[in-house]
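What follows is a short report on a single structure.
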Amino acid sequence: MKILVTGGAGFIGSNFVYLLLEERPEWKIICVDALTYAANIHTLNDAFKSPNFVFYKEDIRNREGISAIFEKERPDVVVNFAAESHVDRSIENPAIFLETNIIGTAVLMDACRKYGIQRFHQVGTDEVYGDLPLDRPDLFFHEDTPIHTSSPYSTSKASADLLVQAYHRTYGLPVTISRCSNNYGPYQFPEKLIPLMINNASQNKPLPVYGEGLNVRDWLYVKDHCYGILAVLEKGRVGEVYNLGGHNEKANIEIVKIILSELGKPESLITFVTDRKGHDQRYAIDPGKAMAELGWAPTTMFKDGIKLTIQWYREHMDWMAECTSGGYMKYYEEMYGNR
Ligand code: NAD
Ligand code: DAU
């Protein structure tokens, strides 16, 4: 099996590469990543040691470059993780989200059509369903929940999903889509809630909580997400969407307090800042279809996963330092300076 993984130098893509090396050591992994600010090539240091792993620095928007990789490698399966993934950045600069997340996906699928593949899998997000009210804990996102997006990010991801379904219906491309809730774990860029709070707390810096910190997210340990994607690839039905999540809803303020407690830092570091524009209230996935059809289920409880995650960042402060060098301080100042 030759599997082409885009976005493999980012958070979930790299965890997926490591899962494949562990669980499917006979597969050849062709990793394609443009190495944007969100990537860290050192994340893949151990993967480079495997003879079954090859890496291409390429942009999924570059039709010729992507075509050349397909021509050379002839992948059987493509999994598309590559994306601009941060909601706050999409609010500041939507254009790159449209280009990478929509056009990039189309470029990849055109290459799949030209060269033929057994499966194109699109890594999607629960944000395409919009949000749920905080006072209706009985409501969940199902695969047939209407698409109803809030941010330029979620709109670009929803557009990509629709395009994937169009390529299936119109051209018969064998596709699947998974839509996952918020991931946490090793190698997440510290612009996202959990690593940002761990990084700031470790340095006794203020923890910027948007609004009142009452927005709810449904957290899934990244390795469980990766097992879910593998299950969709191997057992999922072509043309189908699968929601992946673990029924683990927490308000942001709860998460921040857990991190402070684990690190032995005072709650006085919490600083409430101006809310995100259009801030989604609550995400909550119903993973029943994936569980019933694929036999998939998350195995990492949040209380264990968050400890593992904090421990990982504490042991990899050099990795964090690499991520926060370069443009990070400028980004942080622009995003949080006058908030
Ligand atoms: P990330 O930002 O950590 O990584 C994205 C990777 O894609 C980076 O390595 C980056 O260099 C690469 N990339 C960006 N633009 C590219 C381009 N034009 N060409 C090639 N490579 C490019 O993102 P992540 O959190 O790992 O998310 C991966 C995927 O999973 C995304 O599609 C995201 O929408 C989806 N997703 C994320 C979460 C989450 O909680 N993080 C949850 C559900 C779905
Ligand atoms: O649900 C899946 C989505 O989860 C993915 O599709 C996205 O790629 C991923 O970034 C994530 O989106 P969120 O917007 O939920 O994640 P983020 O970590 O940015 O924020 C989580 C919550 O924490 C959200 O309610 C905003 C809040 N927050 C975030 C940051 C960065 C803060 O209160 N302070 C912060 O500094």
statement: Relative contact order in percent for the stretch 80-148 (Cα pairs under 8 Å, 6+ apart) equals 29 percent
message: With equal scatterers on the alpha carbons only and no solvent term, can you work out the Debye log10 of I(q)/I(0) for the chain at 0.07, 0.08 1/Å?
response: -0.27, -0.35
query: Can you give the accessible area of residue 250 in Å² (nearest 10), computed on protein heavy atoms with a 1.4 Å probe?
result: 40 Å²
message: Quick check on the stretch 99-199: take the gyration tensor over C-alpha atoms, sort the square-rooted eigenvalues as a ≥ b ≥ c, and tell me if it's rounded (a/c under 1.5), prolate or oblate.
response: oblate
field: Reach of residue 330 by Cα under 17 Å, taken over lysines that are not fewer than 8 positions away in the same chain
entry: 192, 205
Phi to ³J(HN,Hα) by Karplus 6.51 cos²θ - 1.76 cosθ + 1.60 over the stretch 161-166, Hz, x for Gly, Pro: 4, 5, 5, 4, 5, 5
query: Rounded to a whole number of µm²/s, how large is the Stokes-Einstein D of the stretch 190-312 at 10 °C and 1.306 mPa s, given Rh as the Kirkwood radius over C-alpha pairs?
result: 100 µm²/s
message: Using only the alpha-carbon atoms, how far is helix 63-73 inclined from the longest principal axis of the chain? Give it as 0 to 90 degrees, nearest 10.
response: 70 degrees
message: 5 Å is the cut-off here: which amide hydrogens, built 1.01 Å from N in the peptide plane, fall below it relative to residue 239, excluding neighbours closer than 5 in sequence?
response: 175, 176
Surrounding net charge for residue 87, when Lys and Arg each add one and Asp and Glu each subtract one, Cβ distance under 14 Å: -3
query: So how long is each side of the stretch 140-207 along the principal axes, counting just the alpha-carbon atoms, biggest first, in Å?
result: 54, 23, 22
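Relative contact order of the chain: what whole-number percent is it, with Cα pairs under 8 angstrom and at least 6 residues apart?
Details: 631 pairs, mean separation 61.1, N = 339.
Computed value for the chain: 18 percent relative contact order.
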field: Among 212, 99, 58: highest mean-square fluctuation, GNM of the chain, C-alpha pairs under 10 Å
entry: 212
statement: The local net charge around residue 296, scoring Lys/Arg +1 and Asp/Glu -1 for residues other than residue 296 whose Cβ lies under 9 Å from its Cβ, equals -1
field: Area accessible to solvent at residue 238, 1.4 Å probe radius, in Å²
entry: 70 Å²
field: Size of electric dipole in the stretch 118-253: Cβ of Lys, Arg +1 and of Asp, Glu -1, about Cα centre, debye, nearest 20
entry: 440 debye
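After finding the eigenvalues of the alpha carbon gyration tensor for the stretch 278-339, what semi-axes result from the square roots of 5 times each, listed largest first in whole Å?
On the way: eigenvalues 218, 84, 24 Å².
Semi-axes (√(5λ), whole Å): 33, 21, 11.
Sort 184-193, 276-285 for me by packing, meaning the mean count of neighbouring Cβ atoms within 10 Å per residue, highest on top. Intermediate results must be reported in sequence, preceding the final value.
Values: 184-193: 22.1, 276-285: 18.1.
Descending packing order for the listed peptides: 184-193, 276-285.
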field: C-alpha center-to-center spacing [the stretch 96-139, the stretch 289-312] in angstrom
entry: 22 Å
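Rounded, prolate or oblate: pick one for the stretch 1-77, where a ≥ b ≥ c are the square roots of the eigenvalues of its C-alpha gyration tensor, a/c under 1.5 means rounded, and failing that, prolate if a/b is larger than b/c, else oblate.
Working: a/c = 1.99, a/b = 1.12, b/c = 1.77.
Oblate, because a/c is 1.5 or more while a/b does not exceed b/c.
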task: Taking H placed 1.01 Å from N in the peptide plane, check which residues at least 5 places from residue 278 or on another chain put their amide H under 5 Å from its amide H.
output: none
query: Taking only protein heavy atoms and a 1.4 Å probe, what accessible area per residue, in Å², does the chain have with all protein chains in place?
result: 41 Å²
query: Can you pull the accessible area of residue 301 for me, 1.4 Å probe, Å² to the nearest 10?
result: 120 Å²
field: For the stretch 99-110, 3J(HN,Hα) per residue [Karplus equation, 6.51 cos²θ - 1.76 cosθ + 1.60, θ = phi - 60°, Hz, x = Gly/Pro]
entry: 5, 6, 6, 9, 4, x, 5, 5, 4, 4, 5, 5
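What does the highest-first list of 74-84, 127-137, 159-169 look like by mean Cβ count within 10 Å? Let's see the in-between values first.
Numbers: 74-84: 23.3, 127-137: 17.1, 159-169: 18.6.
The peptides rank, most packed first, as 74-84, 159-169, 127-137.
Can you order the peptides 21-32, 46-57, 261-272 by their average number of other Cβ atoms within 10 Å per residue, highest first?
Numbers: 21-32: 16.9, 46-57: 14.8, 261-272: 13.2.
So the peptides 21-32, 46-57, 261-272, ranked by packing, come out 21-32, 46-57, 261-272.
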- line: Sorted by chain and then number, the residues having a modelled amide H within less than 5 Å of the amide H of residue 55, at least 5 places away or on another chain, are 31
query: Tell me, what ³J(HN,Hα) does each residue in the stretch 121-132 have, in order and in whole Hz, if you take phi through Karplus 6.51 cos²θ - 1.76 cosθ + 1.60 with θ = phi - 60° and put x for Gly and Pro?
result: 10, 9, 7, x, 10, 5, 5, 5, 8, x, 10, 10
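The values are calculated or read from the model by the stated rules, or taken from the named source; none is laboratory data. Quick caveat: nothing in here was measured; it's all calculated off a predicted structure. All Cβ positions, glycine included, derive from the backbone under ideal geometry; neighbour counts span all protein chains shown. Please note that ligands, DNA and RNA were not included when accessible areas were found on the heavy atoms of the full protein model with its side chains. Shrake-Rupley method; radii C 1.70, N 1.55, O 1.52, S 1.80 Å.
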